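Shown next, in structure tokens, is the structure this report addresses.
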Amino acid sequence: MNHVSARGRGRRTPARLRAALVSIASGVVAVGTTVALASSASAGTTLGAAAAETGRYFGTAVAVNKLSDSVYVGILNREFNMVTAENEMKWDATEPNQNQFNYTSGDRLVSHAQANGMRVRGHALAWHQQQPGWAQNMSGTALRNAMLNHVTQVATHYRGKIYAWDVVNEAFADGGSGGRRDSNLQRTGNDWIEAAFRAARAADPGAKLCYNDYNTDGQNAKSNGVYAMVQDFKARGVPIDCVGFQSHFNSQSPVPSDYQANLQRFVNLGVEVQITELDIEGSGSSQADSYSRVVRACLAISRCTGITVWGIRDTDSWRASGTPLLFDGNGNKKAAYTSTLNALNAGGTTVPPTTPPPTTTPPPTTTPPPTTTPPPTTTPPPTTTPPAGDGDCTASVSLNSWPGGFVATVRVTAGPAGLNGWVVNLTLPSGATVTNAWSAQTTGSSGDVSFRNVSYNSTVGAGASTEFGFQGTGNGPTGTATCARA
């Protein structure tokens, strides 16, 4: 997921689905031909069913602890045909102690998906965030070996049950360099991403292997860096099948004008593209139009294989205050839902056949996993935004929590004079510690903690916002955060 960062009914094989679509569109057509979906095709009444008409999926991120919420599960089972674990398959959740693996919550999600005709995207095998404390304290060869062991063990455990893995998440830096992000994994050697992909292919030859990142939706320095890496990997035979575009949008960062063209240039390298974490802040017709635009861009590209929204209801979102999803907090369909469904039903190109890698993967099992270990939890409601004492800015905090840890996302909103630098102060509960942060400089790690802007987010226009985040152990902050001009 950024900065911390499915469900049509029965499951049909891609070949049968393509054959059905080709028959609808134009009678007998050679297998593999990309065709436009005929307007006479049946209209899907749910997101997953409508996406399936063009050979795609429409998925959502799922927090396992919400599977006891009847409204949440009702929408999940009705609307989507792909699921992504929000936190349950990340490194800290699956390997809390070195070589001691905990798959309880991830297995629960897989079991639910299989029982309801959904597929699963795995997220994420290697990431500089949400690492367990023992991995954060490693470096060099020891960390490299630990990362490769983690990739191998987790991908092997889920072998045959995962449609696609986000093998590596958010490894490129923000800003204008187009280079790699400085992280403990990057410092093990520039080939760490390649090593992770090779380990994942060996562990699960049948899963699609994706690189996933944010702020790469249009052509810019960061997306150019990812493009160059994918181009190099394809030239040298490094196993990579797809690139994930997180697509977190708001009024300050809208859908870029070259969104479709940018997706297409990656497809031209020989990989699939997937929209992996879509959410668009806003409301009404503006939000609805943006969702429609994203969907239409994917449908126009034959190898854009699916779309995942990052949550179901607005209150389930890591950006809850921005109301960025397709259902409101009560589970009602929003205008954005209608525009998305209409765009899916308008049709597009069909997904062409692909030759899957050879595999002797065992069939998925539907045996429910044991549930003696409590699943990670997500606490969606943001804390109440306090007024800044001098009117310079305000800060609000949203939490994703699980037993023993949390990720906090902080939104800084400028006052009427705008900002050329900012600092946010908050107090952590007793026993809580900040383990790492992104898009901010940190002073202190427990008790009273300060976060100051970095170079690329120091300037914030009047009334505009920027975000940073941090990860910690213990319980997340529950009090107010204050913001002032730096």
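Can you tell which of GLY122, GLY117, GLY106 is open to solvent by 10 Å² or more (accessible area, probe 1.4 Å) and either assigned to a strand (DSSP E or B) or of a type in the set (Gly, Ala, Ser) (or both)?
Within the list GLY122, GLY117, GLY106, the selection yields GLY117.
With respect to the conditions (1) open to solvent by less than 20 Å² (accessible area, probe 1.4 Å); (2) among the acidic types (Asp, Glu); (3) farther than 26 Å from TRP91 by Cβ, GLU281 lacks only one, and its number is (1). Residue-level check: of (1) within 25 Å of CYS210 (Cα to Cα); (2) outside any loop (DSSP other than H, G, I, E, B), SER285 misses just (1). Would you call ALA135 out of contact with any Cys (no Cβ under 9 Å at 6 or more places or on another chain), surrounded by fewer than 23 Cβ atoms within 10 Å (Cβ to Cβ), not in a loop (DSSP other than H, G, I, E, B) and not β-branched (Val, Ile, Thr)? Here the answer is yes, as ALA135 does meet what is asked. Take the conditions (1) outside any strand (DSSP E or B); (2) among the β-branched types (Val, Ile, Thr); (3) open to solvent by less than 10 Å² (accessible area, probe 1.4 Å); VAL168 misses just one of them, which is (1). Taken as a whole, the structure places ALA36 among residues that are modelled with pLDDT under 50, more than 22 Å from ARG313 (Cβ to Cβ), open to solvent by 10 Å² or more (accessible area, probe 1.4 Å) and touching a strand residue (DSSP E or B) at 6+ places or on another chain (Cβ under 9 Å). Output yes when any residue across the range 258-268 is surrounded by fewer than 18 Cβ atoms within 10 Å (Cβ to Cβ) and not in a helix (DSSP H, G or I), and no when none is. Looking for residues that are surrounded by fewer than 18 Cβ atoms within 10 Å (Cβ to Cβ) and not in a helix (DSSP H, G or I), one finds at least one in the range 258-268, hence yes. Is it true that some residue in the range 142-152 is within 18 Å of ILE240 (Cα to Cα), outside any helix (DSSP H, G or I) and open to solvent by 10 Å² or more (accessible area, probe 1.4 Å)? Taking every residue of the range 142-152 in turn, none turns out to be within 18 Å of ILE240 (Cα to Cα), outside any helix (DSSP H, G or I) and open to solvent by 10 Å² or more (accessible area, probe 1.4 Å). Within the range 402-434, the residues that satisfy the criterion of being open to solvent by 20 Å² or more (accessible area, probe 1.4 Å) and modelled with pLDDT under 75 are TRP402, PRO403, GLY404. Has the range 302-318 got at least one residue that is within 26 Å of GLY122 (Cβ to Cβ), in a helix (DSSP H, G or I) and either modelled with pLDDT under 95 or more than 18 Å from the chain's Cα centre (by Cα) (or both)? Checking the range 302-318: not a single residue is within 26 Å of GLY122 (Cβ to Cβ), in a helix (DSSP H, G or I) and either modelled with pLDDT under 95 or more than 18 Å from the chain's Cα centre (by Cα) (or both).
Only one entry of ALA113, ALA126, ALA155 meets the criterion of being under 28 Å from THR433 (Cβ atoms) and in contact with a strand residue (DSSP E or B) (Cβ under 8 Å, 6 or more places away or on another chain), and that entry is ALA126. Go through the range 231-257 and report how many residues are within 23 Å of ALA124 (Cα to Cα), surrounded by fewer than 20 Cβ atoms within 10 Å (Cβ to Cβ) and among the aliphatic types (A, V, I, L, M). Total meeting the criteria: 1.
Among residues of the range 233-257 being assigned to a loop (DSSP other than H, G, I, E, B) and small (Gly, Ala, Ser), the one that is farthest from the chain's Cα centre (by Cα) is GLY237. When the range 435-461 is filtered for residues that are in a strand (DSSP E or B) and open to solvent by 20 Å² or more (accessible area, probe 1.4 Å), the ones remaining, listed by number, are THR435, ASN436, ALA437, GLN441, THR442, THR443, ASP448, SER450, ARG452, THR459.
The values are calculated or read from the model by the stated rules, or taken from the named source; none is laboratory data. Model, not experiment: these values are computed from the prediction. Neighbour counts run over all protein chains shown; Cβ positions are idealised from the backbone, glycine included. Quick note on the areas: whole protein, heavy atoms, side chains included, nothing else; ligands and nucleic acids left out. Shrake-Rupley method; radii C 1.70, N 1.55, O 1.52, S 1.80 Å.
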